[in-house]
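In what follows, a structure is listed as structure tokens, so that the remarks can point back to it.
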Amino acid sequence: METLSQHLEYLGLCGDDTEAEDQILESLNGILLALTEDKQRSFSLLRESGIFLTLAKILKGNPRCAVKAAQVLSEIAKNEEMKKTCIEADLVLTLIPLLESTDQEMLLHAGRAIGRICYDNRDLQEELVKVGVITSLVRILTDYAESEPLVHVDLLALCNLADFDTAKEALSKTKVAEQLVKQLRRAENHERLEIVFEVLQALAENDVLKVQLVEAGVQEVLSEILLRLQGSSQAEDTCIVKAASDLIVSLLLGDGNCVRMVQLGVIHQLLDLLEKHVESGDISVQHAALSALRNLAIPVVNKVQMLEEGVADRIQALLRSEMPPVPFKILGTLRMLADGQADAAAILGQDPMLLNRLVQWCNANDHVGVHGEANRLLASILRHNRSQEVVKAIQEAQAVKHLVSMTTSKHAALQNEALDALAIASAIDLETLEESFKESQLVQSLHKLLQDDNTSPEVKYNSMGLLCTLLNSGDLRQEIEADKIEETLEQLCSHSNANVVKEAVTTLQVLRGETSISLPSSP
């Protein structure tokens, strides 16, 4: 400690003397040695010495000694109390210009010093972004991509700053996506992978950076990592698999990005990944890829492209899996594809194997989610269909009774989906469906919905719309009259909801023959 005091005293007197560089370097090395021998006592002497202003002068005006001064600061900043002293001496702003150096040792020590001083200090970190440190970090990552120590320091810095929106905006104007994908590909240990994933996950919250990451091929690298770790039971590998899966989902949030992703061919890479994981792969990978597929199928422009590229067939092939999460998500994706797309509804609705599988799932109550999605897909196919062939195919698959049962669901949204589907199917080909409607007691189910005070106004309205169509069948008309639905309709004429009243009046007129509902001609 006596030697340390002498070094500090010398630096205090001669630290800015450019003629005494050898002695300055010796004193700086003396400080480093003292820190390795007795940190606490060294920190105490350093605080009392006022050495920080001298170190700032060396950093600014003595290039030969600046690297060693930066190293001293990086060691001092390991201590929480000393960090405060560094901040008070305004050393961060003194260190930042050093990140423009071409000396790798300088970059390493300056980077470590800045990182340690600013760690867990939001105000200082935000200041770093404001003064343009992002550009320097990306330059270092680009110019020294194979220097492990420098890349490590750089990634840690990005990890700490990437949460700031201002940092994301600054990063979106650089080539950081390319560099991070490069680092992800060359990462050889779990620690490096985890740091890169943490940065990528933060950047994936920004729409511009998402697209840049995909353009840089991040999904291909993620797929390679997931396939490489497939089947591993090591805890570290499981963490990486989950991180990769979560990133896939994050990249595919937002319609704009989903459209761009499909244009870039991500859909087929996801399907490749799923096809390899669907039977024995990691469940988190399945969840992530399936969720991503569903998101991709939401934008209308994507539905068209996905259908044209035969994606529906590849997705259906995945239904061979017996693991509940897989069919649940796949059925949801197919429903998204059929939404608003008559062509998709026609393709799915005339696939006997798919329809038979859907009916099996509609009968299986042990997996509620799969059961519900199977019913919803059947309803969606009919709701968006305009083809008599589809109605006949669904009738032949004995699926009609499940849609009738769906009208009594506890959820109004599902009830309305079923009612809409049955109304459209009846308008297209009532004759084909007539017998199934009688067997499944559709008329009686509709009557109960109209009588029940807990039934929502929209469900009552849609039930009466379906009834109007059913009245075109002589046999079903007889059932409607026998069940005394007319009395219930008369009561609904004084309902509190104006739409319900209007539809009740219309339905009564049709029932009494005062007006008629004509069926549209089949396409």
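The values are calculated or read from the model by the stated rules, or taken from the named source; none is laboratory data. Here the structure is a predicted model, which is why all the values come from computation and not from measurement. Ideal geometry is used to build each Cβ from the backbone, glycine not excepted, and the neighbour counts take in all protein chains shown. Surface areas here come from the heavy atoms of the whole protein model, side chains and all, with no ligands, DNA or RNA. Shrake-Rupley method; radii C 1.70, N 1.55, O 1.52, S 1.80 Å.
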Task: Candidates GLU81, GLU21, filtered to the one that is at pLDDT below 90 and within 46 Å of the chain's Cα centre (by Cα) - done: GLU81
Task: Selection within the range 212-227 - farther than 16 Å from ALA289 by Cα and open to solvent by 10 Å² or more (accessible area, probe 1.4 Å) - done: GLN212, GLU215, ALA216
Open item on the list: Show the residue pairs meeting these rules: Cβ distance below 8 Å; 6+ apart or different chains; first residue within the range 189-212 and more than 25 Å from GLN263 (Cα to Cα); second residue open to solvent by 50 Å² or more (accessible area, probe 1.4 Å) and part of a helix (DSSP H, G or I).
Closed with: HIS190/GLU236; HIS190/CYS239; ARG192/HIS152; GLU194/CYS239; ILE195/HIS152; ILE195/LEU156
Open item on the list: Looking only at the range 72-85, filter to residues that are part of a helix (DSSP H, G or I) and open to solvent by 40 Å² or more (accessible area, probe 1.4 Å); which one of those is nearest to GLU21 (Cα to Cα)?
Closed with: GLU75
TODO: Could you tell me which residue of the range 354-390 is nearest to LEU414 (Cα to Cα), considering only residues that are under 28 Å from the mean Cα position of the chain (by Cα) and among the charged types (D, E, K, R)?
DONE: ARG376
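Give me the residue from the range 228-241 that is in a helix (DSSP H, G or I) and surrounded by fewer than 17 Cβ atoms within 10 Å (Cβ to Cβ) and, out of that set, nearest to the chain's Cα centre (by Cα).
My answer is CYS239.
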Task: Within the range 313-350, tally of residues that are free of Cβ contacts under 8 Å to residues at least 40 places away in the same chain and within 17 Å of LEU382 (Cβ to Cβ) - done: 2
Open item on the list: For a quick check of your reading of the model, give me the residue pairs whose first member lies in the range 496-513 and is under 13 Å from LYS460 (Cα atoms) and open to solvent by less than 40 Å² (accessible area, probe 1.4 Å), whose second is of a type in the set (D, E, K, R) and part of a helix (DSSP H, G or I), with beta-carbon atoms closer than 9 Å and at least 6 apart or on different chains.
Closed with: VAL500/GLU458; VAL500/LYS460; GLU503/LYS460; ALA504/LYS460; ALA504/GLU490
TODO: Considering each residue of the range 34-70, count those that are open to solvent by 40 Å² or more (accessible area, probe 1.4 Å), part of a helix (DSSP H, G or I) and either in contact with a strand residue (DSSP E or B) (Cβ under 9 Å, 6 or more places away or on another chain) or in contact (Cβ under 8 Å) with a residue 12 or more places away in the chain (or both), and give that number.
DONE: 11
Open item on the list: Six or more apart or on different chains, Cβ atoms under 6 Å: show the pairs whose first residue is in the range 128-156 and hydroxyl-bearing (Ser, Thr, Tyr) and whose second is open to solvent by less than 20 Å² (accessible area, probe 1.4 Å).
Closed with: SER136/LEU99; THR142/GLN179; TYR144/LEU150
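Being closer than 15 Å to LEU354 by Cβ and part of a helix (DSSP H, G or I) is the filter here; which residues of the range 396-406 pass it?
Filtering the range 396-406 down to residues closer than 15 Å to LEU354 by Cβ leaves 396-399, 402.
Matches in the range 396-406: GLU396, HIS402.
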TODO: Collect the residues in the range 392-434 that are without any contact (Cβ under 8 Å) to a residue 12 or more places away in the chain and among the aliphatic types (A, V, I, L, M), keeping them in residue-number order.
DONE: ALA413
Open item on the list: Checking the condition under 26 Å from the mean Cα position of the chain (by Cα), at pLDDT 95 or above and open to solvent by less than 20 Å² (accessible area, probe 1.4 Å), which residue from LEU158, LEU141 passes?
Closed with: LEU158
Task: Subset of the range 187-211 that is in a helix (DSSP H, G or I) and in contact with an Asp or Glu (Cβ under 8 Å, 6 or more places away or on another chain) - its residue that is least open to solvent (accessible area, probe 1.4 Å) - done: ALA202
TODO: Return the pairs, sorted by first residue and then second, in which the second residue is modelled with pLDDT of 80 or more and among the charged types (D, E, K, R), the first residue lies in the range 285-309 and is closer than 12 Å to LEU252 by Cα, the beta carbons are less than 8 Å apart, and the residues are 6+ apart or on different chains.
DONE: ALA288/ASP246; LEU290/LYS329; SER291/LYS329; LEU293/LYS329; ARG294/LYS329; ALA297/LYS303
- [ ] Might you check whether a residue that is at positive phi and not in a helix (DSSP H, G or I) occurs anywhere in the range 435-456?
- [x] yes
- [ ] Within the range 168-180, identify whether any single residue is open to solvent by 10 Å² or more (accessible area, probe 1.4 Å), under 28 Å from ASN79 (Cβ atoms) and β-branched (Val, Ile, Thr), and answer yes or no.
- [x] no
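Show me the helices (runs of 4 or more DSSP H) entirely contained within the range 284-379 in which 1 or more residues are among the hydroxyl-bearing types (Ser, Thr, Tyr) and within 25 Å of ASP246 (Cβ to Cβ).
By residue number, 325-338.
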Open item on the list: Residue under question is ALA167, and the condition is that it be at pLDDT 95 or above and of a type outside the set (Ser, Thr, Tyr); does it hold?
Closed with: yes
Open item on the list: If I filter the range 466-480 for residues that are of a type in the set (A, V, I, L, M, F, W, C), within 48 Å of the chain's Cα centre (by Cα) and open to solvent by 10 Å² or more (accessible area, probe 1.4 Å), do I get at least one hit?
Closed with: yes
